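Each value in this text was obtained by applying a stated rule to the coordinates, not by laboratory testing. Remember, it's a predicted structure, so these values are computed and weren't measured experimentally. Virtual Cβ from ideal backbone geometry, glycine too; neighbours counted across all protein chains shown.
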Amino acid sequence: MFRGRFTFTILIFFIFSSAATASESNADYLARRSELLQMEDGLRLGAGVKLNEKEIKVNNLFKTLKDKELLNGYINPERNVPGIHFFKGKSQMENDSRVFRLLKNMPKGAALNLHTMASVSSEWIAQNISRTPGLLNCTSKDGTIILTFRKKTNMACTTVSEEREKYGSEYDKLFESLFNLYSPTPEVTYPTKKEIWNRYKTMYYTIFDVINYLPVFRTFHWHMLEQLYDDNVMYAEIRLDFFPLYDENNKIYPANQTIIELKDIEKKMKKIAMKKTNKIMMKKMKKITMKKMKGITMKKMKRIAMKRVKKIAVRRAKQIVTKRKDMKENMRIKRKEKDPNMKILMNII
Ligand SMILES: *[C@@H]1O[C@H](CO)[C@@H](O)[C@H](O)[C@H]1NC(C)=O
Ligand SMILES: *[C@@H]1O[C@H](CO)[C@@H](O)[C@H](O)[C@H]1NC(C)=O
Ligand SMILES: *[C@@H]1O[C@H](CO)[C@@H](O)[C@H](O)[C@H]1NC(C)=O
Ligand SMILES: *[C@@H]1O[C@H](CO)[C@@H](O)[C@H](O)[C@H]1NC(C)=O
């Protein structure tokens with residue numbers, strides 16, 4: 001052990017002393033180092049994207065806000081959202097973080113691998129689904145609460161509307177806690193992974209039969225798309241297991257019905273989203289061109305608006321292609337100059 005430390009000290013001494021004396025090679029080293037860093041930066045996603053004037057403005061604004069929030073977190077670690085438990089930081093982030101608000105409104109390419117059962121807010125389930133007539137609160141033999149719209153012969157059930165009357169205005173919170181892990185003191189409620197994992201799994205048993213009730217299946221997934229739309233997500237890849245659905249007359253639908261239902265929901269949502277987008281575009285176009293386009297028909301105006309949308313889309317697509325080309329080019333250069341790069345690396349070490 002002594003020997004190890006001794007060698008290490010010598011090594012440090014050697015590095016420092018040689019760095020101090022050889023300032024010329026130091027400058028050379030720094031120049032090559034910066035070159036290497038620049039090359040690496042060029043490999044980052046978005047490195048080849050050229051921002052226009054307006055985008056540069058937004059980017060600067062965003063960076064300023066981000067730096068401010070990071071600095072605030074550094075000064076007040078107890079309020080540093082990325083550094084505290086999610087349960088404690090979430091509402092603070094939603095209330096105070098301008099970065100979060102900006103990100104929420106920004107257009108987003110895709111939500112991938114979205115597990116539908118966990119895709120809508122528990123608050124909404126408590127506010128909306130819990131008020132669907134016929135909902136039962138059943139308790140299985142092992143004590144797990146199962147919410148369902150069909151009578152379970154082997155379980156003791158009460159109706160949710162009765163429970164609501166008992167608890168009054170507090171009921172939504174109680175109901176929500178059945179499928180939300182929140183605890184004001186998570187470190188006490190879940191001392192180890194085992195507790196939180198068990199609780200997490202139970203939540204899905206609790207809510208599972210509710211979602212397979214056809215009327216709820218529809219509102220649930222509709223709301224999922226609504227939330228994605230509000231977050232400005234443009235594409236979603238959802239994950240779900242296909243189970244038979246049931247309705248108020250206890251009719252059972254084969255599992256493939258879920259696909260038909262989802263396709264239908266998607267179609268309706270697209271129609272509404274398109275309408276909303278058109279409306280926004282029309283508003284903008286009207287503002288910009290009202291003076292210029294006196295006497296022009298709405299139809300023509302719409303055509304011009306759509307052309308603009310297309311133009312923007314094409315520009316974005318071109319940027320992505322350019323980025324890909326840049327990346328390929330970078331890789332090619334890297335391969336070609338493999339030897340000099342190796343040298344740079346060796347110099348650093
Ligand atoms: C955020 O705002 C909500 C609603 O106004 C409030 O109940 C909550 O206490 C606030 N949270 C924080 C951390 O300020
Ligand atoms: C639940 O949400 C659906 C779809 O948004 C809506 O049509 C329905 O009225 C809501 N129900 C309640 C009880 O809020
Ligand atoms: C569900 O039923 C159980 C057993 O009767 C009861 O303890 C619990 O408070 C009920 N929960 C809700 C959210 O209705
Ligand atoms: C859906 O599944 C049922 C039962 O497995 C089958 O009879 C039916 O043909 C399927 N429908 C479609 C459209 O594939």
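Quick notes
- Residues in region 262-284 reached by a label modelled at Ile304 [backbone nitrogen below 13 Å; 7 Å Cα→Cβ]: 282-284
- The stretch between Thr277 and Lys54, if pulled fully straight at 0.36 nm per residue, gains 78.2 nm over its current Cα-Cα span.
- Label positions at Thr158 and Asn198, each projected 7 Å from the Cα along the C-beta direction, are separated by 2.4 nm.
- Amide H contacts of Val233 (H built 1.01 Å from N, under 5 Å, at least 5 apart or other chain): Lys108
- Within region 49-133, the trypsin sites (Lys or Arg not before Pro) that combine a DSSP coil assignment with at most 15 other C-beta atoms in a 10 angstrom radius are Lys50.
- Within-14-Å neighbourhood charge of Met117 [Cβ basis; K, R +1; D, E -1]: 0
- Around the amide H of Thr148, modelled in the peptide plane, lie the amide H atoms of Leu136, Cys138, all under 5 Å away and 5 or more residues distant in sequence or on another chain.
- Computed over region 106-168, the convex hull of the alpha-carbon atoms projects to a mean area of 6.8 nm².
- Long-range tail of P(r) for region 53-106 (Cα pairs > 16 Å, %): 44 percent
- √(5λ) per eigenvalue of the Cα gyration tensor, region 112-296, largest first, Å: 38, 21, 17
- For peptides 251-259, 214-222, sequence by mean Cβ density within 10 Å, most packed first: 214-222, 251-259
- Loop-located chymotrypsin sites (Phe, Trp or Tyr not before Pro) in region 98-167, at most 16 other Cβ atoms within 10 Å (DSSP): none
- Estimated FRET transfer efficiency (Lys270, Glu24; beta-carbon r; R0 51 Å; 0.05): 0.20
- Computed from phi, the 3J(HN,Hα) profile of region 185-202 under the Karplus parametrisation 6.51, -1.76, 1.60 (θ = phi - 60°) reads 10, x, 5, 8, 5, 10, x, 9, 4, 4, 4, 5, 5, 4, 5, 4, 5, 4 Hz, with x in place of Gly and Pro.
- Net charge of neighbours whose Cβ lies under 13 Å from the Cβ of Ile252, counting Lys and Arg as +1 and Asp and Glu as -1: -1
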